[in-house]
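The values are calculated or read from the model by the stated rules, or taken from the named source; none is laboratory data. The structure presented is a predicted model; accordingly, all values stated were derived computationally and were not measured. All Cβ positions, even for glycine, are placed from backbone atoms using ideal geometry, and neighbour counts span all protein chains on display. In case anyone asks, the SASA skips ligands and DNA or RNA and just uses the protein heavy atoms, side chains included. Shrake-Rupley method; radii C 1.70, N 1.55, O 1.52, S 1.80 Å.
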Amino acid sequence: MGFDAASAAVQAALDAGARYADARVMHRRYESMSARNGDVEELTQHESIGLGVRALVGSGWGFHAVPELSDAAARDAGRRAAAVAAASARVPGPPIDLVPVDAAVASWASDCAVDPLGVPLSDKGDLLVGATATMREHGADLAEGLYQIWDTTKWFVSSEGHRIDQHIRECGGGISATSIGDGETQRRSYPSYRGQYGTTGWELVTSLDLAAHAARVAEESRELLTAPECPAGETDLILGGEQLALQIHESVGHAIELDRILGWEAAFAGTSWLDLSRLGSLRYGSELMNVTIDPTIPGALGSFGFDDEGSPAVARDAVREGRWVGVLAGRDSAAVAGLAHGGSVRADGWARLPMVRMTNVGLEPGPHTLDEIVAATDEGVLMDINRSWSIDDKRLNFQFGCEVGWEVRNGRRGRMLRNPTYTGIGPVFWRSMDMLSGETVAWGTPNCGKGQPGQIGHTGHPAAPARFRGVRVGVRA
């Protein structure tokens, strides 16, 4: 039924005057559960299916979506998409071309050993209830746990001959403990501030072993209440892998989105400090900085077989030995910029227009370990687990806060520090990276917002601990 509806919509758009059309049928099931202080707080389950059609007429795109897969509804959607495109084309604008891509007839499915929707609700509830109860027993004033599951099937057809179906299963979860003191509130989370997520089965959640970390998380949240404040000044900064993943997401991933660089997202999401004329020559970071765009990483949250334009998943360089060499692009934005490939276009549902999104954007492993980085640091601060983030609309100037810090002196990790923050300017910060661990984790971000109407994207960020020299930390009085 999925292919039939998509094919009917594409043909109707062509019959109505489109020079190109594609259609996606998407069926998604979603489930989440949250627990608080030893009790299940909320269970959410919903399901949706529908059809979205894109049509290109002259220099204008049109899009229309319907929650129905009948032949009549699909054909009407195709005609309406073409009509919107024709109306858009009446506004003068540059011609729109699409970079070539081989038409694929294919199927793809993510790896999944344990179907997350097949795990009994009672087992999943027991996991969260047990972990949050343990955190309460160990001193947390507020103990929370959650998991989320997405099960998505897509059928894609284009006027160029694509016929692709994909089955993508994603899930993850995490816990957090909040402790309240005299004028002070502190939180510790595991494995990250919103949990860890991947394109895989329930085996990911099992591997996190949330229960084993519950007591430590609660105790550290209480310890932070009386820990000394992170000092202010310039020092060497060691970032844990989870925080570095957020740093990559905000100051690299969004900056290399081609629609931002071209100004197409300026109204809401912002632009980018990057200039296409310097692609291939700009020094983005130190020689240790090798960033890839790689949707082929097994289990990572930004992985797929084909994007929502039918472009196959391919690994590409974004930064090589510190030099900016690649972007996240779609077929139309790449053509405008004179580039040869897209491959980074997705929509968060059948009712949304596909747009440039991060896939897995992350650092290749470095030659060191975290222990070696600490041992090589005479004076600095180690920070981990994101607590707050702020970055300007060009993705250049930033300030981030972490849940926890540790003083580093004479090559040893010392006392815990509360409210650690750091600030910088993207390229200056990345050029200061002089040590990078090989202990890489593909961190998953399931809540990346972009677009009008807003869309939530799932992205992955391979990252490992790293050191940055001469970074401003703390808050100046």
(message) Given the options D115, D111, D126, name the one that is surrounded by fewer than 18 Cβ atoms within 10 Å (Cβ to Cβ), without any contact (Cβ under 8 Å) to a residue 12 or more places away in the chain and either under 25 Å from the mean Cα position of the chain (by Cα) or closer than 30 Å to R188 by Cα (or both).
(response) D126
(request) Check whether at least one residue in the range 128-138 is in a loop (DSSP other than H, G, I, E, B) and among the charged types (D, E, K, R), and report yes or no. (result) no
(request) Those residues that are in a strand (DSSP E or B), in contact (Cβ under 8 Å) with a residue 60 or more places away in the chain and out of contact with any helix residue (DSSP H, G or I) (no Cβ under 6 Å at 6 or more places or on another chain), I need them from the range 417-437; list them, please. (result) L417, T421, Y422, M433, D434, L436
(request) Quick one: count up the residues across the range 438-461 that are touching a helix residue (DSSP H, G or I) at 6+ places or on another chain (Cβ under 8 Å), open to solvent by 10 Å² or more (accessible area, probe 1.4 Å) and under 15 Å from H249 (Cα atoms). (result) 3
(request) Could you figure out which of (1) open to solvent by 10 Å² or more (accessible area, probe 1.4 Å); (2) touching a residue at least 24 places away in the same chain (Cβ under 8 Å) isn't true of V345? (result) (1)
(message) If S432 satisfies all but one of (1) open to solvent by 50 Å² or more (accessible area, probe 1.4 Å); (2) farther than 28 Å from S176 by Cα; (3) of a type in the set (S, T, Y), what's the number of the condition it fails?
(response) (1)
(message) Among the residues in the range 70-90, are any at pLDDT 95 or above and part of a strand (DSSP E or B)?
(response) no
(request) Could you tell me whether R187 is more than 15 Å from P446 (Cβ to Cβ), touching a residue at least 24 places away in the same chain (Cβ under 8 Å) and in contact with a Ser or Thr (Cβ under 7 Å, 6 or more places away or on another chain)? (result) yes
(request) Would you mind finding the one in E31, E47 that is part of a strand (DSSP E or B), more than 28 Å from G161 (Cα to Cα) and free of Cβ contacts under 8 Å to residues at least 40 places away in the same chain? (result) E47
(message) Among the residues in the range 211-223, are any within 25 Å of the chain's Cα centre (by Cα), buried (at least 19 other Cβ atoms within 10 Å of the Cβ) and over 16 Å from S32 (Cβ atoms)?
(response) yes
(request) Output the residue which, of all residues in the range 225-245 that are within 29 Å of the chain's Cα centre (by Cα), of a type in the set (A, V, I, L, M) and not in a strand (DSSP E or B), is farthest from G195 (Cα to Cα). (result) L244
(message) If a residue must be part of a strand (DSSP E or B) and without any contact (Cβ under 8 Å) to a residue 40 or more places away in the chain, how many such residues does the range 357-395 contain?
(response) 2
(request) Give the range 14-32 a look and list any residue that's over 17 Å from R169 (Cα atoms) and touching a Lys or Arg at 6+ places or on another chain (Cβ under 7 Å), or say none. (result) A16, A21, D22, R24
(request) For residues that are touching a residue at least 24 places away in the same chain (Cβ under 8 Å), over 24 Å from D141 (Cα atoms) and assigned to a helix (DSSP H, G or I), tally how many sit in the range 190-221. (result) 4
